[in-house]
Amino acid sequence: MIEAVINKRKENYFISYIYLYIFLMPWNFLNGQMGGLSVILLIWWLIIAKNRGFFSKLKAIFYFKPLLMILLFFAYSYFSLLWTDNFEDAKKALTYYKYYWIIVPVLFTALNAEQARNGLHIFVISLGIYAIFSILIHLDLIHIIDHTTNPTGVKNPRGILAYAITTPLMAIGFLSSVFIAYYNKLKIIKTVFLIIAVLCLIGIFINNGRAGQLSFFITIGVLLILYRKHLTNPKILFSFIIVIFASWYMLVSFNKLARFQTGINDLKNLEKTNFSGSWGARLYVWYAAADILKKNPIFGVGVGDHIDEFVKYTKTHPSKGAWVRTFHNQHLDILARYGIVGYLLLLGSVISLLYALKTQALYFSLGTVFFSITYFDGFGDIILLMKPYNNIFMLMFILLSVIASTKIALKNKKI
């Protein structure tokens, strides 16, 4: 009896550490933070794995199709080293996946569905606190060098993360909080997450991430289509209208429309060899990526060679947009590196996961929000190769996988 109590406490300590691990993931304080926390997680898991039956649960990973597909994608990215010449760039790209091999087995075997749900709530709470941090910087109550303004003098209170990461995270925090509040019956939980929603909504528009802001509006459009039947409810319809008007008001009042106008002007002034400005350079990359993809559309040029191929393209197609050394587009980046095979593996894993969650309204909604914002933001940034979003992506995938796979396992057991 005493031994059982002690073992239970040890298990609770470990789960509490996982919650801390999840909470701290968006807070990239130090370069070695993720590494140190992940090593502790792995060692602790190895110590208790045998007694908790974690090893026997590992095989379940290969029976859950979404997780199997995404692991095949990451395995395929390593396999593409066989037709890669630039191993230095390949090594840099693959380092973004290195903690996945800890996150996947540890969290999938250690967490049950309820704990995974708690993890999702904790992650959203963490985003809410980060929103407060960003707002305090905006109000000049917290001063961080080089983080309060951009060269044009427009405030950009991104905090300790790049604004290309902060903005989509705030969008995820807002929409996720709204759904959690909507589906929760407890008044205190509803109140907490509605407060988080307001804070994150402000956080979206005080930061300068245009891709994140656009992905936010597009995702609202996606949700309107998915939940169009619910718009017959006056309260839900009114809430959507309020959010859209409040978002537009903040976009204007925080002087963010000017940055969009700059991008539109870049596109208006385009000539065949004059892809100037940030958006012009992004369009130039589309032409380059199409040329690169012709060489090996099925398998891509390999994990490390796409920038070398891009440089070759710039020499034969000189332009003002040739200065970039990143595709600034996650979709083109994956297609150029891994071809259609790699792209479909990654996209298919996400679609398969959402399909597995279709009977669980809240978690299907949270998954839709996260992957929709990630997908559309990916047209403006290589978001899956940016810290800490690369690890957040895998965290969300695995937490939702635990929830979905548990539901499927219970259904099969009943059958």
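Structural remarks
- Matching residues, the stretch 104-114, being within 15 Å of residue 64 (Cβ to Cβ) and either in a helix (DSSP H, G or I) or small (Gly, Ala, Ser) (or both): 104, 105, 107, 108, 109, 113
- Condition broken by residue 157, with the remaining ones in (1) open to solvent by 10 Å² or more (accessible area, probe 1.4 Å); (2) at pLDDT below 95 satisfied: (1)
- Considering residues of the stretch 186-228 that are small (Gly, Ala, Ser) and part of a helix (DSSP H, G or I) only, the residue modelled with the lowest pLDDT: 211
- Where helices (runs of 4 or more DSSP H) fall wholly inside the stretch 298-415, the ranges with 1 or more residues that are out of contact with any strand residue (DSSP E or B) (no Cβ under 8 Å at 6 or more places or on another chain) and under 24 Å from residue 121 (Cβ atoms) are 330-356, 361-377, 389-414.
A quick yes/no check of all residues on (1) among the aliphatic types (A, V, I, L, M); (2) surrounded by 14 or more Cβ atoms within 10 Å (Cβ to Cβ); (3) more than 28 Å from residue 160 (Cα to Cα); (4) in contact (Cβ under 8 Å) with a residue 40 or more places away in the chain:
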| residue | (1), (2), (3), (4) |
| --- | --- |
| 27 | no, yes, no, yes |
| 34 | yes, yes, no, yes |
| 40 | yes, no, no, no |
| 48 | yes, yes, yes, no |
| 54 | no, yes, yes, yes |
| 64 | no, yes, yes, yes |
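- Of all the listed residues (195, 189, 204), the sole one being surrounded by 24 or more Cβ atoms within 10 Å (Cβ to Cβ) and either under 17 Å from residue 138 (Cβ atoms) or among the β-branched types (Val, Ile, Thr) (or both) is 204.
- Test: residue in the stretch 364-376 that is surrounded by fewer than 19 Cβ atoms within 10 Å (Cβ to Cβ) and polar (S, T, N, Q): no
- Any chance residue 357 is open to solvent by less than 20 Å² (accessible area, probe 1.4 Å), farther than 22 Å from residue 297 by Cα, aliphatic (A, V, I, L, M) and over 17 Å from the mean Cα position of the chain (by Cα): yes
- Qualifying residue in the stretch 70-93 (condition: over 30 Å from residue 299 (Cα atoms) and open to solvent by less than 60 Å² (accessible area, probe 1.4 Å)): no
- Meets criteria (open to solvent by 50 Å² or more (accessible area, probe 1.4 Å) and among the hydroxyl-bearing types (Ser, Thr, Tyr)) for residue 239: yes
The values are calculated or read from the model by the stated rules, or taken from the named source; none is laboratory data. Please read these numbers as outputs of a predicted model, since none were measured by experiment. With ideal geometry, Cβ positions are generated from the backbone for all residues, glycine too; neighbour counts draw on all protein chains shown. Note: areas computed on protein heavy atoms with side chains; ligands, DNA, RNA excluded. Shrake-Rupley method; radii C 1.70, N 1.55, O 1.52, S 1.80 Å.
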